[in-house]
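The values are calculated or read from the model by the stated rules, or taken from the named source; none is laboratory data. Nothing here was measured: the structure is a model prediction, and the numbers come from that model. Every residue, glycine among them, receives a Cβ derived from its backbone with ideal geometry; neighbour counts consider all protein chains shown. Only protein heavy atoms, including side chains, enter the accessible area calculation; ligands, DNA and RNA are left aside. Shrake-Rupley method; radii C 1.70, N 1.55, O 1.52, S 1.80 Å.
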Amino acid sequence: RFSLFSSVGQMVGPLMVGAAAGTMGYQWALVVPAAYALGFLVLGLYLVEVAQPPRGQAKPSQGVGVRSAWQLLAIPGIWVVLLLTFGRVWITVVYATFVPVYLVIDRDFDPFIVGTVTATSGLVAAAIAPTVGFWTRYASPATVTNVALTSGATGLILVPHVAALPYVFIVPVLVGVGLGITLPLLLSMTATEAPEGRRGVALGLRSTATQSAMAGAPLLVGAVMGLLGTLLGFTGAGIAGLAVLVGARLVARRASLSNPSG
């Protein structure tokens, strides 16, 4: 459900900005989603807190800080989560940052069309999110996540080759598959792989992987595009994403071989 509503938000935002840019110009386009977000902020202030039933006593934390984080990094499953998280955010940031700019500036797309293209990934993600349980019947969460993100990385590679209507919509469909399936699986895997009492630290490590990808993707991919062009930029970004996913797969495979019963 969390993934579903998150995907719907990713769909509505680009549509609003694209429509606003096409009618009011870029100068005022971002005022529309800002006002939209402000409405939800005001709504949140008036929400009534729901009392939760009493729960059993939780186990105390087994450690926090750098030492506890290093201990978690000795668990192969944590590395799988971190690599998959990094790959997911890398793909998402490259897609959201560079694809709209490329379509508007290099391909002269109308802003509303670009907003529609970007929003399609959210639509696909929202549609496929409820099917997560179905896919995990046939493969492990790590495998399902890896395959879904491979779809997104492939979409990045295809950007310069399908940048014409209607083929450009192939890219958001491929990226949307990865976005919709992977978020709930990654959260579940984080809770499963981390020992009880250290899940907060595991979530902190996952946040570190997220912020690293968010900071690194625009800098690295932007530098490559500036030096070598958009074709090599998108291709390199997709290949880098695939490399991270291959690394996650190798770690998961090594862990399964060393612990066949687990």
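Checking the condition of a type outside the set (A, V, I, L, M, F, W, C) and either open to solvent by 40 Å² or more (accessible area, probe 1.4 Å) or touching a Pro at 6+ places or on another chain (Cβ under 7 Å) (or both), which residue from R107, R88 passes?
R107
With respect to V48, is the statement that it is open to solvent by less than 40 Å² (accessible area, probe 1.4 Å), of a type in the set (V, I, T) and either modelled with pLDDT of 85 or more or in a loop (DSSP other than H, G, I, E, B) (or both) true?
Judged against the criteria, V48 is not a match.
So which of L186, L250, L227 is within 20 Å of the chain's Cα centre (by Cα) and either assigned to a helix (DSSP H, G or I) or under 30 Å from L72 (Cβ atoms) (or both)?
After applying the criteria, what remains is L186.
Please go through region 202-214 and give me each residue that is open to solvent by 60 Å² or more (accessible area, probe 1.4 Å) and not polar (S, T, N, Q), ordered by number.
Matches in region 202-214: L203, M214.
How about region 71-178: which helices (runs of 4 or more DSSP H) wholly inside it have at least 3 residues that are modelled with pLDDT of 90 or more, within 30 Å of R198 (Cβ to Cβ) and touching a helix residue (DSSP H, G or I) at 6+ places or on another chain (Cβ under 8 Å)?
Where helices (runs of 4 or more DSSP H) fall fully within region 71-178 and carry at least 3 residues being modelled with pLDDT of 90 or more, within 30 Å of R198 (Cβ to Cβ) and touching a helix residue (DSSP H, G or I) at 6+ places or on another chain (Cβ under 8 Å), they are 76-101, 141-158.
For the subset of region 151-201 comprising residues that are of a type in the set (S, T, Y) and open to solvent by 50 Å² or more (accessible area, probe 1.4 Å), which member is farthest from A96 (Cα to Cα)?
T192
Do we find that G247 is on the phi > 0 side of the Ramachandran plot and of a type outside the set (A, V, I, L, M) in this structure?
So G247 fails the test.
Quick one: how many residues across region 114-135 are touching a residue at least 12 places away in the same chain (Cβ under 8 Å) and open to solvent by 50 Å² or more (accessible area, probe 1.4 Å)?
4
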